[in-house]
1. What is the Cα radius of gyration of the stretch A:233-274 over 2.2 N^0.38 Å, N being its residue count?
2. Below 8 Å, C-alpha to C-alpha, sequence gap of six or more: please give me the relative contact order for chain B in percent.
3. Over the Cα atoms of the stretch A:106-224, how large are the radius of gyration and the largest Cα-Cα distance (Dmax), in Å?
4. Using Cα pairs closer than 8 Å and at least 6 residues apart in sequence, work out the relative contact order for the stretch A:235-418, in percent.
5. For B:Glu316, go 7 angstrom from Cα along the Cα-to-Cβ vector, then report the distances to that same point in the other copies in nm, smallest first.
6. Taking the Kirkwood radius as the inverse of the mean 1/r across Cα pairs, report the Rg/Rh of the stretch A:235-418.
7. Do any of A:Lys126/A:Lys224; B:Lys102/B:Lys328; A:Lys361/B:Lys104; A:Lys224/B:Lys134; A:Lys67/A:Lys217; A:Lys73/A:Lys466 go past 24 Å between their Cα atoms, and which?
8. Please report, in debye to the nearest 20, how large the charge dipole of the protein assembly as shown is about its Cα centre when each Lys and Arg carries +1 at its beta carbon and each Asp and Glu carries -1 there.
2 protein chains.
Amino acid sequence: MLFAKKKKKIDGDKHYVSLANIVGETAILYKKEDLVSYDCDGFTIHKSMPKAVVFPKSTEEVAAAVKYCAENKIPFLARGAGTGLSGGAIPLNGEVIISLAKMKQLLSVDFENRQAVVQPGFVNLKLTNSIANKGYYYAPDPSSQYVCTIGGNVAENAGGAHCLKYGVTTNHILGLEVVLSNGEIIEISENGIPDAPGYDLLGLLTGSEGTLGIVTKITVRILKNPEGKQTVLAYFDKAEDGSHAVSDIISAGIVPAALEMMDKTAIEGVEAGTYPVGHPRDIEALLLIEVDGVAAGIDEQIEEILKVCKQRNVREVKVAESEEERGKWWANRKTGFGAMGAISPDYLVQDGVIPRSRLPKVLQNISEISKESGLRIANIFHAGDGNLHPLILFDSRIPGETEKAVKAGTACLKACADVGGSITGEHGVGIEKIEEMRFIFTDEELEAQTKIREVFNPENLLNKGKLFPTPSRCMDVKKVIKEAAAN
Amino acid sequence: MLFAKKKKKIDGDKHYVSLANIVGETAILYKKEDLVSYDCDGFTIHKSMPKAVVFPKSTEEVAAAVKYCAENKIPFLARGAGTGLSGGAIPLNGEVIISLAKMKQLLSVDFENRQAVVQPGFVNLKLTNSIANKGYYYAPDPSSQYVCTIGGNVAENAGGAHCLKYGVTTNHILGLEVVLSNGEIIEISENGIPDAPGYDLLGLLTGSEGTLGIVTKITVRILKNPEGKQTVLAYFDKAEDGSHAVSDIISAGIVPAALEMMDKTAIEGVEAGTYPVGHPRDIEALLLIEVDGVAAGIDEQIEEILKVCKQRNVREVKVAESEEERGKWWANRKTGFGAMGAISPDYLVQDGVIPRSRLPKVLQNISEISKESGLRIANIFHAGDGNLHPLILFDSRIPGETEKAVKAGTACLKACADVGGSITGEHGVGIEKIEEMRFIFTDEELEAQTKIREVFNPENLLNKGKLFPTPSRCMDVKKVIKEAAAN
């Protein structure tokens, strides 16, 4: 036959051939031109090339690929949609990337026991879309929910605007199937065993940023849609009034489903972005507040919220009059990070958490950091749970400005840690905040955690170099030896 | 001076003297007659004598006592109020018991950030009593809450009637100070850092049944009292109608604060106990249902609950007319276990969890287990979250009856595991359910967990012999060697 279809051949080294044998020849990328889009994730400041990307279609293929890598001492890591903001999926050591993109099925839904089982590559928003017709939804709603995967959400313990009332990802995970770093497959609370005894491995794995295993199946809790929902938009001339309104609403005993805040620079960005809604440009703060629950109770809570806003000198406050109006407000908020592209060539988003009562003080600190660095900082954040997102605007084409932005970001996190807060609420540590872990953990505490990693990941081939700094004790020892040698 | 006060002297071995030097001479028990009340906890079927009991007054004293035990290879364990129901505080290996009874202070309350810091020996109910005047409470409410300690609640990840809506202990713990098994002190989320990054050590420690460390300070979440609260009591002729009503209420989208069930034998017990309220004796099931939240929404939910009960052929249903009446219903329920003493010389309480939808099937199974064993089984339980408490009534004076009761208890747990449930919801594994861990975990899964214990407790001196069975693989190896030797 003259034009016989040429069989695709793997022309790389023996590892490419072996991995292709596991996942299939059409399910591996290994040429440089194919790998470039895998050199970073949503954290674009650092880039590093993988050795290959494989796309397994089943738990068994994941396990076989992992086993092969482990036996051949090839570093590897898992990747979902690559929307992570702290660099957790960046192949620092030339890893083989195990992409879960082809494992994207909704496996089952059990409405009676309010559970669904999904593969890790299943997109977050698709779950809600798949069960909405029966009146159910999946609560964790990161802003990237239309594209991020539930597997990635588990790795990062993702949050979202509605986590104030409903909790973050870990509060909604009932069971996991996990491929360990040696290729062994374990089930944790298979099919969502309620309250499994023993140590809380479910909690331990969730948010472990891909360093303890690769999740291949997830049982999640699904919730019945609240009976009613109302959304309020409030504009404040003074940022401080907005901050105090946040505290006042919570103090009044209301737990809104969401309580979001944006400052003046953020408003400038979202109004220049894809979903402008006509916010006034001369206010210092806006609050987006959503209340849901039993219909009969909502009006009363809205009244209380309006009262609090008025006491805090609100310029204008309005309740969404239709689902369409509500949808527009949320689209404006949820695409907020990306919208910064309209007012700045680059931006770096940070993710600190503070006790709610320290909001006015820390916003003041961030404003000072902005002045000192000479960079504008926008704030779009989950005010209700004290989860700040300073967006540092910079221009990477100007020499030194990237470094300035990184330094300002670190200063913002230090400000959070100094008031008893944390350096990440939902974006994770990844490679971005490794050194900042020292702001809140002692060497002993870091050591206890790295020892746990050793249990699951003894060779440290799985997602190496993420999450934990090298304990400074070790570095001190080196310094001491060096100094001793010099004397 | 003729009658000089005689100084108390430690007349035991050198370890007694050394421990007395750490905690003080009046803070150690070591004579047999003083130790007898420490030979078991709420699980009274197994007894074992401790070497000594020490009563440290500070974290430093706990750390020093632990360090001493570790250095001298003396097994040790922590004890709160000793109300645990699975034997977690029983000194199986002649342990030194580190009692937290003297560390019982409420250290601070931060209403603005909704946190309180307590010592581990602080009694659960005292926290709510201490903050009630400001309109706040602490949610986890085990039936023993008037005496059990928050430290013990952390160890067992205690639940309670109101955990259906508010979650168990782990959902309310914001920070821990822990003495590790070598005497090192670590802080996890010191002062309740929100969303601390890294592995979820807070979740790992909570519910680890005293095998990973000794908790010496606890930061807990406190909640604002709900605006309104209503309580319903419903009597059903048929147990199955009661079970279906439970599912129907949840399916209607209502999440009651509590949804408790009692069967006929249980009603006989509570009505013969200290707090009878006049339940009819000829019904097969009663439901105690509480709804709380925004006042305006409650009436509507109560209407819906009454409707569901009627559809399920309820004989009588009533709403509590006063806080006093509500209090009586709850006292009747919360003292239910102890009340069994009025109708049986002994009882063994079990603690299984099932998917809510399997309630009718599993109650049927338990009834068959009762018939087969010839022992009566009462059921008082958290129906809303599928957490069953079969109370097996027996008489330990009749030879063989204790063994029969234990066997029936195991059969109940097997029935729970077989429908995809768990062997403990809130009482823990302790020594009672060690072998039953195999109903739900494979050897690999048990091994992963014991490896985590090794990280925190490498010498296994801390609460040895609890929580995990010896992996059966090891036993198999022994058997194989033995058989090989015999051939």
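Coordinate-derived values only; no laboratory data. From a predicted model like this one, the values you see are computed outputs, not experimental measurements. Note that we place each Cβ from the backbone using ideal geometry, even for glycine, and neighbour counts take in every protein chain shown.
1. Compared with the compact-globule rule of thumb, the stretch A:233-274 sits at 1.32.
2. 14
3. My reading of the Cα-based Rg and Dmax gives 13.2, 41 Å.
4. About 27 percent, as a whole number.
5. 6.1
6. 0.98
7. B:Lys102/B:Lys328; A:Lys361/B:Lys104; A:Lys224/B:Lys134
8. So the magnitude is around 1740 debye.
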